[in-house]
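Derivation of every value follows stated rules applied to the coordinates shown; laboratory data play no part. Keep in mind that this is a model prediction, so the values were computed, not measured. So basically every Cβ, Gly included, is an ideal-geometry build from the backbone, and we count neighbours across all protein chains shown.
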Amino acid sequence: MKYSFGIDVGGTNIKIGLFEITNFSLIEKKEVPTPRYNQAVSIFETSKKLMDELLKQHQLTYQDVHGVGFAVPCPVKNGYVVKCPNLKWETLDVISSMRSLLEPHVKVVVSNDANIAAYGENYSLEIPLQNAIFYTLGTGVGGGIIIEGKIVEGRTGAGGEIGHMPIFEGTEICGCGRTGCLEQVCGTKAILGYAKELSTVHESSIDFKELTVKKIFDAAKDNDPVGFRVLDRVAKYIALSASILSVSLDPDVIIIGGGIAKAGQILIDQILKHYRMYARFGTVDIPFVLAKTGNDAGIIGAAKYTI
Ligand SMILES: [Zn+2]
């Protein structure tokens, strides 16, 4: 039996999973706060400590370990990060940083967290497909593109940053420094803001105190005028962006994940309604599916990426 670790490094927490890779199953996972100081070193030392602990608990050694995969919250190109504001990394060779603490036979891989999630989701489908576009809808809108089974990092590592696709004439500045991004109409902040805006002109059963995306989309399922309009706008922009990607890449599948995708089938149905209007040629029939791996997408994808 061989094992791999999947490590999802976020600005707040580090999640690690120990996986048996022959049948691909999660043995155990842990989560610890991300160290706050000297992160170019401390994150790797913390990861090593967590790996040591998990191996010891399961009476394994590094001889049983095939690889370690990292998912990190910034663009990555060939294992290098140029700048990662969330982790205060600058010009960092992630692979060498981790390898220096490990035995030479252990394979180390890294990619952007949304790309890793895309990779994991694609390989979690009953029949893994070769070409997939993955959306992760949450506070931010992220994505990943898999072509011929491989993550598309692109020239600088910005490949798959579909949340920053310019999709409307906006004036507000996005986190990326530009305006009119997909994230600004489909991210959590945009959803809550649009619901509040609509509540001044439409009747609604939604309780606007401590408003959440879940409350809005639950109301949409009951045909609430505000809930439904908000859901419909998210679906429309996802569909529009997906149609642009489809006519460029003609993928086998489009996977919708992230917290907002918990809305479920109603979101997929509404996306499809708009998508069929925008799509061209054979791309009209591309299936949309909900992501399966949920909160563990990062560790699952990172461990799979080592194989
Ligand atoms: Zn942006």
(message) Let me understand the range 127-291 better: what is its radius of gyration from the alpha carbons, and its Dmax, in angstrom?
(response) 15.8, 49
(request) State the volume of the convex hull built on the alpha-carbon positions of the chain, expressed per residue in Å³ and rounded to an integer. (result) 142 Å³
(message) To check you understand DSSP bridge types, tell me what percent of the beta bridges within the range 127-291 (both residues inside) are antiparallel, rounded to 5.
(response) 55 percent
(message) Explain nothing, just the number: dipole magnitude of the chain about its Cα centre with +1 on each Lys and Arg Cβ and -1 on each Asp and Glu Cβ, in debye rounded to the nearest 20.
(response) 340 debye
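Let me know the shape class of the range 73-191, please: from the alpha-carbon gyration tensor, a ≥ b ≥ c as square roots of the eigenvalues, rounded when a/c is under 1.5, otherwise prolate if a/b is greater than b/c, or oblate. Can you show the working numbers first?
Numbers: a/c = 2.44, a/b = 1.39, b/c = 1.75.
Oblate is the answer for the range 73-191, as a/c is 1.5 or above yet b/c matches or exceeds a/b.
For Asp52, what charge total do you get from the other residues with a beta carbon under 14 Å from its beta carbon, if Lys and Arg give +1 and Asp and Glu give -1?
-1
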(request) Determine, for each peptide in 231-243, 30-42, 207-219, the mean count of other beta carbons within 10 angstrom over its residues, then list the peptides with the highest first. (result) 231-243, 207-219, 30-42
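Treating the beta-carbon of each Lys and Arg as +1 and of each Asp and Glu as -1, no other charges, what is the dipole magnitude of the range 127-291 about its Cα centre, to the nearest 20 debye? Can you show the working numbers first?
On the way: 16 positive and 18 negative charges, 15 e Å.
Dipole magnitude for the range 127-291 comes out near 80 debye.
Summing -39500 (n - 2.57) over the DSSP H runs of n ≥ 4 in the chain and dividing by its residue number, what mean residue ellipticity at 222 nm do you reach, to the nearest 500 deg cm²/dmol?
-11000 deg cm²/dmol
Summing Lys, Arg as +1 and Asp, Glu as -1, what charge do residues with Cβ under 11 Å from the Cβ of Glu31 carry, Glu31 excluded? Present the calculation step by step, with values, prior to reporting the outcome.
Working: positive: Lys15, Lys29, Lys30; negative: Asp8, Asp296.
Result for the neighbourhood of Glu31: +1.
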(request) Pull up all non-local amide H partners of Ala291: gap of 5 or more, or a different chain, and H-to-H distance under 5 Å with H placed in the peptide plane. (result) Ile256, Gly257
(request) When a/c is below 1.5 the answer is rounded, else prolate if a/b is larger than b/c, else oblate, so apply that to the range 46-143 with a ≥ b ≥ c taken from the square roots of the Cα gyration tensor eigenvalues. (result) oblate
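Please list the helices of the chain that count as membrane-span-like by this rule: a mean Kyte-Doolittle hydropathy of at least -0.5 together with Cα atoms stretching 18 Å or more along the helix axis, each helix being a complete DSSP H run. Spell out each step's value before the answer.
Numbers: long enough: 39-57 (27 Å, -0.26); 225-249 (35 Å, 1.05); 265-278 (20 Å, -0.12).
Going by DSSP H runs, the hits are 39-57, 225-249, 265-278.
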(request) Determine the gain in length on full extension of the stretch Gln63-His105; use 0.36 nm per residue of separation and subtract their C-alpha separation, reporting nm with one decimal. (result) 14.3 nm
